[in-house]
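Encoded as structure tokens, the structure appears first; notes follow it.
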Amino acid sequence: MEMARENALYLRGGTVVDPQGGHHGEMDLLLADGRVAGIGNVRPPAGAVEVNVRGLVVAPGFIDMHVHLREPGREDKETIASGTRAAAAGGFTAVACMPNTDPPLDTRSTVELVLREASRRAVTRVYPIAAVTQGRKGKIITEMGELREAGAVAVSDDGDWVADGHVMRRALEYARMVGLPVISHAEDPLLRGCGVMHEGYWSTVLGLRGIPAAAEDVAVARDIALARLTGARLHIAHISTAGAVDLVRRARAEGLEVTAEAAPHHFTLTDEAVRGYNANTRMSPPLRSEADRDAVREGLRDGTIGVIATDHAPHTETEKDVEFDAAPNGIIGLETAVGLALTELVRTKILDLETLVLRMSAGPAAVLGVPGGTLAPGSPADVTVLDLGAEWTVRPEESCSLSRNTPFGGRRLVGRPVITIVGGRVVHSARMESGATAAVESARP
Ligand SMILES: [Zn+2]
């Protein structure tokens, strides 16, 4: 005898793509009490809300492990509420937020503040990443044990490299002891100097100061050497050079616990995009050469790079509306990541759909040690539904983010997230444009 399930959601007829859980094909999915309650040939219990997802792809919820939510301190750029709304609209069910806020997330109380605010206002799960060093100054390591207890899932001084090798060694040792990965923004600040874009043909043509690829290569090489010395888990953020991809590939072949992520702008654009001096093509690390971009794509394909992460970095229009030299680094990315990945990687057959799903769900879940990444029964009821055929145009003015800084405005993409479900609750549902029939059919309040 089946009980009526008031809080059950039944996704009928979708194409499930769950490589981690070993599911692939047309099947139904039942979510109840915040968990995956059944997959395959399951009947909807009485009272379940039913959603027809025929013709759509049903994947485990996507996790973006590199997001700047800007709260506390710069709520004019983004808040936990607005940033997670943008995440949900972009198909993400969880985000990990970087600690370079004001104040930075370097104490138990700041980590708890973010989690408290998230529990009130976030529409996705929020996993705080705490700082490696106090005040992100690169000198004294934080109380990582306390930070982990408070809820931090990793440590990073993102925005800056921990340039002092001895401090980084001690940080890796401590992080290993408390079981946290260290995420490195691998860029030697002395080699970067006053550079504002990738050093190469286009920096010469455009007359802008260059940042050599070596600034990243040497930082990744040192970090890997220290990972080897300490046995710690090292994650390279936003990898952007062919040299760095090769170093990570060799470290992994050696058996070191080294992982990496790539951002959509680095697998999509090259430094040529800086022509026109659009401040929205300025980021850190910078857009690189075609050979570097191709190496990032190959790294994503062969598994050297196990994660796609956005590095969503909102800035106000007044801050970005200045000369290229003076503009802050970074672009928003939550709402364009899936469309870019489907268009640039899957339609081009660089990645098959299974691999893309892994890079955006099970991959980041494994690095951070958080739940999700699969639709196996008992898993969190976090689901991302994709329409692979939807053609759409990026319209920054319609973004859920408080910021508009993207170089992709006006770009045509094919494929997008259409429904985002967190803990069994629909937190985002787009109106279909391509004739597919996903509509929440229930009239249940
Ligand atoms: Zn960074």
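Restricting ALA59, ALA8, ALA46, ALA87 to residues that are surrounded by fewer than 22 Cβ atoms within 10 Å (Cβ to Cβ) and either over 24 Å from ALA366 (Cβ atoms) or at pLDDT 95 or above (or both) narrows the list to ALA46. Against the numbered list (1) within 23 Å of VAL67 (Cβ to Cβ); (2) surrounded by 21 or more Cβ atoms within 10 Å (Cβ to Cβ), SER284 comes up short only at (2). Among the residues making up the stretch 87-111, those that are within 16 Å of the ligand (Cβ to nearest atom) and of a type in the set (A, V, I, L, M) are VAL95, ALA96, MET98, LEU105. Among the residues in the stretch 261-278, are any under 18 Å from ARG176 (Cα atoms) and either at pLDDT 95 or above or not in a strand (DSSP E or B) (or both)? No, because not a single residue in the stretch 261-278 is under 18 Å from ARG176 (Cα atoms) and either at pLDDT 95 or above or not in a strand (DSSP E or B) (or both). From the list ARG250, ARG282, ARG293, the lone residue that is at pLDDT 95 or above, away from the ligand (no atom under 16 Å from the Cβ), closer than 20 Å to LEU340 by Cβ and of a type outside the set (Phe, Trp, Tyr) is ARG293. Among the residues of the stretch 188-206, those that are farther than 16 Å from THR281 by Cα, in a loop (DSSP other than H, G, I, E, B) and either over 26 Å from the mean Cα position of the chain (by Cα) or among the hydrophobic types (A, V, I, L, M, F, W, C) (or both) comprise GLY193, CYS194.
Looking only at residues of the stretch 228-243 that are closer than 18 Å to VAL162 by Cα, among the hydrophobic types (A, V, I, L, M, F, W, C) and away from the ligand (no atom under 13 Å from the Cβ), we find that the one that is surrounded by the fewest Cβ atoms within 10 Å (Cβ to Cβ) is LEU229.
So is ASP76 surrounded by fewer than 20 Cβ atoms within 10 Å (Cβ to Cβ), charged (D, E, K, R) and touching a Gly at 6+ places or on another chain (Cβ under 6 Å) or not? In short, no. Taking the numbered list (1) in contact (Cβ under 8 Å) with a residue 40 or more places away in the chain; (2) in a loop (DSSP other than H, G, I, E, B) in turn, GLU149 passes all entries but (2).
If you check VAL178 against the conditions, is it closer than 30 Å to GLY423 by Cβ, of a type outside the set (Phe, Trp, Tyr), in contact with a helix residue (DSSP H, G or I) (Cβ under 7 Å, 6 or more places away or on another chain) and within 16 Å of the ligand (Cβ to nearest atom)? For VAL178, the condition - closer than 30 Å to GLY423 by Cβ, of a type outside the set (Phe, Trp, Tyr), in contact with a helix residue (DSSP H, G or I) (Cβ under 7 Å, 6 or more places away or on another chain) and within 16 Å of the ligand (Cβ to nearest atom) - is not met.
Each row is one residue, and each column tells you yes or no for (1) surrounded by fewer than 19 Cβ atoms within 10 Å (Cβ to Cβ); (2) over 24 Å from VAL296 (Cα atoms); (3) more than 16 Å from the ligand (Cβ to nearest atom).
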residue	(1), (2), (3)
ALA154	no, no, no
GLY195	yes, no, no
GLY207	yes, yes, yes
LEU226	no, no, yes
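Being in contact with a Pro (Cβ under 9 Å, 6 or more places away or on another chain), of a type outside the set (A, V, I, L, M, F, W, C), part of a strand (DSSP E or B) and at pLDDT 95 or above is the requirement here; does THR384 meet it? Yes. Looking only at the stretch 169-187, residues that are surrounded by 20 or more Cβ atoms within 10 Å (Cβ to Cβ), outside any helix (DSSP H, G or I) and not β-branched (Val, Ile, Thr) come to 6 in all. Taking the condition of being over 30 Å from ASP387 (Cα atoms) and either of a type in the set (Gly, Ala, Ser) or touching a Ser or Thr at 6+ places or on another chain (Cβ under 9 Å) (or both), how many residues in the stretch 91-104 meet it? Number satisfying all stated conditions: 5.
The values are calculated or read from the model by the stated rules, or taken from the named source; none is laboratory data. Everything numeric in this text was worked out from a predicted model, so none of it was measured. Note that each Cβ is placed from the backbone with ideal geometry, even for glycine, and that neighbours are counted across all protein chains shown.
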